[in-house]
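Some notes on the structure that comes next.
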Amino acid sequence: MLSIFSSRRARKWTIGVALTLVVLLGSGFGLLKVANSRTFQFFGDIVDRVDTSQRVVALTFDDGPDPAGTQAVLDVLADRQVPATFFLIGRDLAAQPDLGRAIASAGHEIGNHTFSHERMVGVTPGFVADEIERTDALIRATGYSGEIPVRPPNGKKLFALPHYLSEHGRKTIMWDVEPNSYPEIDRSATAIADYAATHVQPGSIIVLHAMYAGREATRQALAPMIDQLRQRGYRFVTVSQLLGYQGR
C-alpha cells in the first residue's frame, strides 16, 4: 500500500514539475515576444507609425554619430531639404561632440538611443535612468533644445525602460519600415531605396543605419529613396512632428 501511495505522489510531483516548466517556458516565450514587439509594451505609449491619412513620413537614423558617414548623410538631407530624427548613442556622442553639434545646427531632431546601446531587457531601473539621463545631457550639450524622443537599442525593451519613460511622460519610438534588416536588400542601394519607397504608408517611420563605415550602400540609397517618396506625394517630418498627425 505504501508503494502505491509513493508512486502516486511521484506521478503528481512529475506532473507538477512538467506543468511548472510549461508555464515558465510559455511565459518566457511571451516575454520575449513583448521585448521584441514594435506595437506593445507593459507601460506607457509605444509608436511604430502614426494613424493618419496625410502622406507624411518620418526618416530616422540610428546609432552614431560616426565620422565615416555622418557628414555625408547631412549633406544629402541638406541638398534635399529634408528634416530627420537622429537617435544617437551617448558614448558615440561623447566621443564625437562636433558631429552632434553639426546635426543640431542643421536643424534636425535628436533622439536618445541610450548611452551604451545595451539591450534594455533584464536591466534595473537605476541602469535605465543613468543610460537615458546621461545621453539627454550630452544631447543638450550639442545646443539642441527640442523634444528628445527615445528609441531602445535594437528595439528591445521589457519592464524598466517603458516604465521609466511612462513615469516621465515620454513615448517609446519604434518603426514600421526597416530595409537594413534584410540582408538581401541591405547590400544594394537600389534595393534599399525601392523597399522603403514601396513599403511606406501614411504615418510611417523609416529606420536606417547609415553613419558607420560599412553602411555605404545605405548612404547611396538615401537620395533616390527621398526622391521616390516625394514622387509618391510624401512629405518628410521629424518624429515629434509626425506624432501631431495622429488621427488626422
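Could you estimate the translational diffusion coefficient of the chain from the Stokes-Einstein equation, with Rh from the Kirkwood formula over C-alpha pairs, at 20 °C and 1.002 mPa s, in whole µm²/s?
Estimated via Stokes-Einstein, D reaches 110 µm²/s.
Show me the three semi-axes of the equivalent ellipsoid for the range 69-124, from the C-alpha gyration tensor (sqrt of 5 times each eigenvalue), largest first, rounded to whole Å.
Square roots of five times the eigenvalues give 25, 12, 9 Å.
Considering only the other residues whose Cβ falls under 9 Å of the Cβ of Ala35, what net charge follows from Lys and Arg at +1 and Asp and Glu at -1?
+4
Which residue, chosen from Pro65, Leu99, Thr85, occupies the Cα position most advanced towards the positive end of the dipole of the range 29-131, where the dipole is computed from +1 (Lys, Arg) and -1 (Asp, Glu) charges on Cβ about the Cα centre?
Thr85
Say the dipole of the chain comes from +1 at the beta carbon of Lys and Arg and -1 at that of Asp and Glu; which of Asn36, Gly111, Ala193 then lies farthest toward its positive end?
The one lying farthest along the dipole's positive direction is Asn36.
Anyone know which of Asp227, Asp176, Asp62 comes out most mobile in the 10 Å Cα GNM of the chain?
Asp227
Using θ = phi - 60° and the Karplus relation 6.51 cos²θ - 1.76 cosθ + 1.60, list the HN-Hα couplings for the range 213-221 in order, rounded to whole Hz, with x at every Gly or Pro.
Result, ordered by residue: 4, x, 10, 4, 4, 5, 5, 5, 7 Hz.
Find the lysine pairs in the chain meeting two conditions, Cα atoms under 21 Å apart and a separation of 8 or more places or different chains, and report how many there are.
5
Of the DSSP beta bridges with both residues in the range 46-243, give the percent that are antiparallel, rounding to the nearest 5.
In the range 46-243, DSSP labels about 5 percent of beta bridges as antiparallel.
Summing +1 for each Lys or Arg and -1 for each Asp or Glu, what net charge is found among the other residues whose Cβ lies under 10 Å from the Cβ of Ile205?
Net charge in that neighbourhood comes out at 0.
Modelled label-to-label distance, Leu31 and His199, 7 Å Cα→beta-carbon offset: nm?
Taking the simple label geometry, Leu31 and His199 are separated by 2.9 nm.
Count charges around Ser166 for me, please; just the other residues with Cβ under 14 Å from its Cβ, Lys/Arg as +1, Asp/Glu as -1.
Net of charged neighbours comes to +1.
With +1 on the Cβ of every Lys and Arg and -1 on the Cβ of every Asp and Glu, and nothing else charged, how large is the dipole of the chain about its Cα centre, in debye rounded to the nearest 20?
1180
Mean-square fluctuation check for the chain, GNM, Cα pairs under 10 Å: which of Val56, Val123, Val150 is largest?
Val123
Bear in mind these aren't lab numbers, they're just calculated from the coordinates by the rules spelled out. Because the structure is predicted, anything quoted here is derived from the model rather than measured. Backbone-built Cβ (ideal geometry, glycine too); neighbour counts: all protein chains shown.
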